[in-house]
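What follows is a single structure, written as structure tokens, with notes after it.
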Amino acid sequence: RVSVLANGPATLVQRYSAKLIKGPVQTVVQLPGNYLGPILNFRQGQKVRVFFKNELNESSIIHWHGLHVPQHSDGHPMYSIEPGARFVYEFEVLNRAGTSLYHSHSHNLTAEQVYRGLAGLITVTDSDEQRLDLPAGEFDLPLVIQDRSFDSKNQLQYVHMMHQRMEGFLGDIILVNGKPDAEFRVKSRAYRFRAVNGSNSRIYKLGWDDGTPLTAIGTDACLLAKPETRPYIMLAPGERVDLWLDFSGREVGSRLVMYSLPFSGTQPGMGGKGMRHNRLPQGGKFAVATFSVTEKVGDSPALPESLVPFQRLSQADTDNPGKPLPIGLSMQAMRPLLNGKSFAMDKVADFERVALGSVKNIRIFHDHEMPGGKGARHEANAENHENPMRGMRMKKPMDHDNGGSGGHKMGMGGGMMDMAHPIHLHGQQFQILRRVTDKVRDSYASVREGFIDSGWKDTVLVMPGEEVEIIKPFQDYKGLFLYHCHNLEHEDLGMMRQYLIE
Ligand code: C2O
Ligand code: CU
Ligand code: CU
């Protein structure tokens, strides 16, 4: 059905080239016939140089999501390069072992460029991981999950409808590693699958249909202290989870289907099920991939009891205990905002200036005050006028965004317009201190067991009615580092800000 995908004129990836000049030959692995970028395999301590050549007819820049790199190499949209230009990235891999991704980060163009293929998987290994003897080689596989839509000529279709901007883009075909109807032929032993949500806005609730629990050994860019087993695992855009899938004891011929199980509560509206514009609504149930056991083998590595222990941070480890930096999520006149503000390339608020080396307590919450708050609103609008970005592709989506009626009206007072936002912070990974849910929502019950908050994270799904407190170090590099919603339509609509580390 989508066999022309890799070569079709609608995909950008053919014209994207990344070349690495240092490191082992195995650093770059191209998946055959795939519209995703090549897999980059790094090891901690490696010094990397990447040449990025923009052969598109619009500006672009690549961000290494999960890697802790200097500002210049972080893919901040200020570094977007024009068609025909080249950008050289240089960084040392400081990260510990884990799974990351890279993708386009050109402001206002991120969602569509990622959609059309400007994304790929990154793995990092280190000596701690190598001591663990985890499944490797053919038993360590990517599981990059994306939803896409195709037109009658089987070309990627990215629709700019108003509701799709607010809800985010939802496709009706699920691709795994760039292919629909993904099937893995596996041996009867344990595997490591590096699940990456590379979708623009779709959230997955990964689980086996028969209720067999799932075991995670890593979240975002890091291995966990010890494996965690859950009935299902939530995976929001930008998040990763390293799964330990054990097929030992399974007979040849058995087939297991990994689903995204039904859930609700992530979208605005009474039932929390969102507007059903799409054939595959957010929270719908569908198959993600099939695993067929094709060979019986005698032995399998055992799941380690402990992985990579690390210190859990507490309020006392931060320099602002009890006075968290705010990340207020709001929706105002159909525009999603952070702390009442839209992204502006050259703007940093007072609370976004952070001293190099500090460790901050940060609170991410749904802000029901902000939309009506005049000060914040005016500041946001002023910033938008000064926004130096040119070449905005978006058709002007919010004609009624001209003061007066705050978006909160639609919220009917109880935050009914809140949606789930996957919030991502660039730079170093953070720890999740706690989640507070304002009241027990029925819908929350369908997702709550699927969060793995014990490890290092760089993206966290904040549900409606929920606030999340995190602890984040700001070490090593000065400069501007973004934080934003990883619903890519929201990001392009301006739900992005930056810290100035100084
Ligand atoms: Cu994955 Cu700032 O992005
Ligand atoms: Cu990132
Ligand atoms: Cu969002």
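Read-outs: derived from the displayed coordinates by stated rules, not from any lab. Being a predicted model, the structure only gives us computed values, none of them experimental. Positions of Cβ are backbone-derived with ideal geometry, glycine not excepted, and every protein chain shown enters the neighbour counts.
Put +1 on the Cβ of each Lys and Arg and -1 on the Cβ of each Asp and Glu in the stretch 137-295; which of Ile203, Pro281, Phe184 then has its Cα farthest toward the positive end of the dipole?
After comparing all options, I get Pro281.
I'd like the FRET efficiency for Glu449 and Lys153, computed as 1/(1 + (r/R0)^6) with the beta carbon distance as r and R0 of 51 Å, rounded to 0.05.
0.75
Given 0.36 nm per residue, what is the gain on full extension from Arg49 to Thr290 after removing their alpha carbon distance, in nm?
83.1 nm
How large is ³J(HN,Hα), in whole Hz, for each residue of the stretch 140-154 in order, when computed from phi with the Karplus curve 6.51 cos²θ - 1.76 cosθ + 1.60 and θ = phi - 60°, using x for Gly and Pro?
10, 10, x, 9, 8, 9, 9, 10, 9, 10, 10, 8, 5, 9, 6
Please identify the trypsin sites (Lys or Arg not before Pro) of the stretch 140-247 that satisfy two criteria: DSSP loop assignment and at most 12 other Cβ atoms within 10 Å. Which are they?
Lys153
Tell me, what is the Rg over Rh of the stretch 137-295, with Rh the Kirkwood radius over Cα pairs?
That ratio is 0.98, to two decimals.
Could you tell me the distance between the Cα centroids of the stretch 436-502 and the stretch 108-125, to the nearest Å?
19
Ser149: net charge of surrounding residues, Cβ under 11 Å, Lys/Arg +1, Asp/Glu -1, itself excluded?
Here the charged neighbours net out to -1.
Tell me the net charge near Lys478. Cut-off is 13 Å between Cβ atoms, Lys478 excluded, with +1 for each Lys or Arg and -1 for each Asp or Glu.
Around Lys478, the charge tally is -2.
Once R0 is set to 41 Å, what does the formula 1/(1 + (r/R0)^6) return for the Cβ-Cβ distance between Arg353 and Leu132, expressed as a FRET efficiency to the nearest 0.05?
0.55
Taking the Cβ of Thr290 as the centre, find all other residues whose Cβ is under 14 Å away and add up their charges (Lys, Arg: +1; Asp, Glu: -1).
Within the 14 Å Cβ shell, the charges total 0.
Which aspartates and glutamates does Lys187 reach when only Cα atoms under 12 Å apart count, and residues fewer than 8 places away in its own chain are ignored?
In chain and number order, the partners are Glu138, Asp246, Glu251, Glu295, Asp299.
Based on the Cβ-Cβ distance of Lys478 and Ala225, what FRET efficiency does E = 1/(1 + (r/R0)^6) give at R0 = 25 Å, to the nearest 0.05?
0.25
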